[in-house]
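Take a look at the structure set out below.
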Amino acid sequence: MKTPIKVSTKRISETDIYVTHKGMDELLQLLQPYTGMRCLLIMDQSVAQLHPWFIKHLRNKFSDVVDAIVPSGETSKTVQEWARILDIALTNKLRRGTPVIAVGGGVTGDLAGFVASSVLRGLPLIHIPTTLLAMVDSAIGGKTGVNHPTGKNLIGSFYQPDIVFADMQFLESLPKREWNCGLGEIIKYACISNPSLFNLIAGCQPGADLAFVANIVQQCAEIKANVVMEDELETGARAFLNFGHTFAHALESHTRYRRFAHGEAVYVGLLAATWYSQKMGAPVDPDRIISFKKTFKLQTEDLLQAVPSLINAMYSDKKIRTGALRLVLLSDWGKPMLQEVEHNPLLTEAWQYALVNAHNN
Ligand SMILES: NC(=O)c1ccc[n+]([C@@H]2O[C@H](COP(=O)([O-])OP(=O)(O)OC[C@H]3O[C@@H](n4cnc5c(N)ncnc54)[C@H](O)[C@@H]3O)[C@@H](O)[C@H]2O)c1
């Protein structure tokens, strides 16, 4: 056999993440390289209505703005919506180098990222996340995509943004339930990387001082950025970000994505995974997580009868490659590890523990 021609490539990309408060001037400065150009502005519909001042200032920076308004909610993460925005981009004759600016939560960000990665094989991407979840999680790390009727996030690409600009003032209009979605991920970061965050989380509520929230967002963004730098394509350490998520996905899918917001399901999952870790000998006490249950106000006890179905749902998670369940567990606070887990009584007990202790009377 002839010696093959080898192609060895390294993705070279750099994202600058800014965490700020009332940072319009900073943002306009960052957009300086694009002054006078066109841009494709992909915006969540509610955010466009709630923050017109922001959009107006942003518009002034560009010679021409091509708008794509994304209807709020997960139902916009579809191939159809992606194709609709591609049409807008291409009929408006965007060129290579035209920036795509995504303003919204994780839905808008994931969709806009996928658009940016696919139009003309890649346009510069600027994320302006407007939910707590998007600021600490989805805007960072380059996972883009849409859902398919057979499952969530099954279509997409890895495509890194050039800039992530998290301005805390968007959070002033964020409803409590959406706030909690971000909190679920922040508690996860406390578990897997920085337990000192636990002391700050109780104060991270709607109405909190935004400089205080910015400090928490900054710490979480650093954790996510470090994990992504170590393992961009999720072949190793990036999987640690799924702590609690195998339980959470099962809960969401069992309740058909209607009953729990993602962050609420993550909260239950964190309890189950921490309890499991403790049973495996880790010095971690799930009480630390239970202390936030009044924030989430969940009703979960009626699901105790559904534990066998919840366990089945865990085994059909798309991240299970070999048929064995690979759970992220803790060997201590801040020390995640991957472990293959048999279908065993501990799994049942972990669910029972989480469903009873997440329940708020
Ligand atoms: N790419 C990733 O790495 C990654 C990571 C985690 C989650 N995600 C994805 O993120 C999505 C969830 O993101 P999300 O929780 O931000 O949901 P979302 O984008 O649907 O936003 C939640 C709701 O908040 C509204 N909203 C957004 N900003 C607001 C503001 N400032 N004030 C008032 N309302 C506002 C939206 O209109 C929407 O109704 C899911 O699709 C999930 O799959 C992606």
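The values are calculated or read from the model by the stated rules, or taken from the named source; none is laboratory data. Note that the structure is predicted; figures quoted are calculated from it, not measured. As a convention, Cβ positions derive from the backbone with ideal geometry for all residues, glycine included, and neighbour counts pool all protein chains shown. Note: areas computed on protein heavy atoms with side chains; ligands, DNA, RNA excluded. Shrake-Rupley method; radii C 1.70, N 1.55, O 1.52, S 1.80 Å.
Details
- Within region 176-228, the set of residues being surrounded by fewer than 17 Cβ atoms within 10 Å (Cβ to Cβ) and either in the same structural domain as residue 274 (by TED's automatic domain parsing) or basic (Lys, Arg) (or both) comprises 176, 177.
- Counted residues, region 129-157 - those being more than 10 Å from the ligand (Cβ to nearest atom) and either in a strand (DSSP E or B) or under 14 Å from the mean Cα position of the chain (by Cα) (or both): 5
- In region 38-73, the residue that is nearest to residue 27 (Cα to Cα) out of those that are surrounded by fewer than 14 Cβ atoms within 10 Å (Cβ to Cβ) and within 14 Å of the ligand (Cβ to nearest atom) is 53.
- Scanning region 249-300 for residues that are touching a helix residue (DSSP H, G or I) at 6+ places or on another chain (Cβ under 7 Å) and of a type in the set (Ser, Thr, Tyr) turns up 253, 267, 274, 276, 295, 300.
- Residues satisfying the stated conditions in region 18-37, i.e. under 22 Å from residue 97 (Cβ atoms), in contact with a strand residue (DSSP E or B) (Cβ under 9 Å, 6 or more places away or on another chain) and open to solvent by 10 Å² or more (accessible area, probe 1.4 Å): 18, 30, 34, 37
- Residue pairs meeting the criteria (Cβ under 8 Å; at least 6 apart or on separate chains; first away from the ligand (no atom under 12 Å from the Cβ), in region 181-195; second among the small types (Gly, Ala, Ser) and outside any helix (DSSP H, G or I)): 191/244; 191/334; 192/334; 193/334; 194/334; 195/334
- Here residue 108 passes the criteria (1) within 9 Å of the ligand (Cβ to nearest atom); (2) open to solvent by 10 Å² or more (accessible area, probe 1.4 Å) except the one numbered (2).
- Pick from region 339-359, criterion polar (S, T, N, Q) and at pLDDT 95 or above, ranking: surrounded by the fewest Cβ atoms within 10 Å (Cβ to Cβ): 348
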